[in-house]
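Data first, discussion second: the structure below is written as structure tokens.
Here, each number is a calculation from the coordinates, and none is a lab measurement. Given the structure is predicted, the values throughout are model-derived calculations rather than measurements. Heads up, the Cβs are rebuilt from the backbone with ideal geometry, glycines too, and the neighbour counts pull from every protein chain shown.
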Amino acid sequence: MHAWFEPALADNVSRPCLFIGCSDAPPALPGEPASGWSGLIRIVSHGNVVPPYEAAPQPIAASIAHAVTHRGVRDVVVCGHSRCQALRSLLLPAELAPSEAQRRWSAHAASTRALLRRHYLHLSGEALWEVALQEHVLVQIEHLLTHPRLREAVDKAQVRLHAWLHDEDESRILAFEPGSGQFETLVIPQPQRLSERGGLPRD
């Protein structure tokens, strides 16, 4: 099981976080993990896409740099979700996109499409979809590392990156575990009650 990555440390120091999610994702995650962060900055994009730095729209690139430089984020999360219709559309060939704007945006999913063609043609149906979700989130982590200010902070161990998937059917979060190379269930501890901390319980 993947351990929660210290939303509130033992010394009561909590971590500001940059959270990058999808425009058609549910508004809240199971377990309310954000309650442990001292500040949450959100970037919402179609298909939780993070364009590489050279191709990133100015608002996205500026938001990433600002979060690291001026807001002092310690953790950056890219979170996909299992019922992502945006990703389903992005995985179609770009020429099938219904508009020019969608064709341009689908270019940022080209690496995901290439990975699926190269390694997973033996899969189909739900098995292929599960792999597509996972690979897509990991590709966005790679794209994040092309952003100079963030890459510098990661190299200096000032920022940690996290790849998540919200499994909407099971109401759980999966997190990529580098040690196993797999997505594993994220364990989110419940906040300690006042009575358990030695205080008086409220009526």
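Structure values in brief
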item: Karplus (6.51, -1.76, 1.60) ³J(HN,Hα), θ = phi - 60°, over the range 86-95, in Hz, Gly and Pro reported as x; result: 4, 5, 4, 6, 5, 7, 6, x, 4, 5
item: Distant-in-sequence amide H partners of R172 (H built 1.01 Å from N, under 5 Å); result: D167
item: Amide H partners (placed H, <5 Å) of V50, local residues excluded; result: none
item: Prolate/oblate/rounded call for the range 86-144, Cα gyration tensor, a/c under 1.5 rounded; result: oblate
item: Backbone HN-Hα couplings from phi across the range 108-115 [Karplus 6.51/-1.76/1.60, Hz, Gly and Pro as x]; result: 6, 9, 4, 5, 5, 4, 5, 4
item: Highest-first arrangement of 87-96, 74-83, where packing means the average Cβ count within 10 Å; result: 74-83, 87-96
item: Counted charge near E152, where neighbours are those whose Cβ lies closer than 15 Å (Asp, Glu -1; Lys, Arg +1); result: +4
